[in-house]
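These notes are about the structure you will find just below.
Nothing in this text is a laboratory measurement; each read-out follows from the coordinates by a stated rule. Quick caveat: nothing in here was measured; it's all calculated off a predicted structure. A quick note on method: Cβ atoms are made from the backbone with ideal geometry, for glycine too, and the neighbour counts reach across all protein chains shown.
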Amino acid sequence: MEIKGTVKVIGETQVISDKFKKRDIVVTTENGEYTQHISLQLVNDKCSLADKLVIGAEATFSINLRGREWTSPKGEVKYFNTIECWKIDNVSVGQFQGADAPKHSDGPNDDLPF
């Protein structure tokens, strides 16, 4: 499955254990009159895919939908979904280029002047 969108947030790599690390990115897409903000997760060796991205770049993201079941200590069953990105293609820089291009964003409260 693929989605096309603009990079809004590039998170830092989080090391969860010696065998697992993850990195989140947020991509915006247009869906009719509403903009969608979609969180994608890169895992293990795919975390480095985000190194070539900048905020504002447009790209095509190959994804898999992942779901899991979890039973709480009280016996309640809950379900969780993850959108896992495994490939990034057709990266084109949008409004930012060269030295002016921000590389990472912590979200809407960062102090970038744009």
Q. Within the set of pairs 6+ apart or on separate chains, which have a first residue in segment 58-75 that is in contact (Cβ under 8 Å) with a residue 60 or more places away in the chain, a second that is exposed (fewer than 10 other Cβ atoms within 10 Å of the Cβ) and assigned to a loop (DSSP other than H, G, I, E, B), and C-beta atoms under 8 Å apart?
A. SER62/MET1; ILE63/MET1; ASN64/MET1; LEU65/MET1
(Q) Just to verify a result, which residue in segment 1-42, among those that are among the small types (Gly, Ala, Ser) and in a strand (DSSP E or B), is surrounded by the fewest Cβ atoms within 10 Å (Cβ to Cβ)? (A) SER17
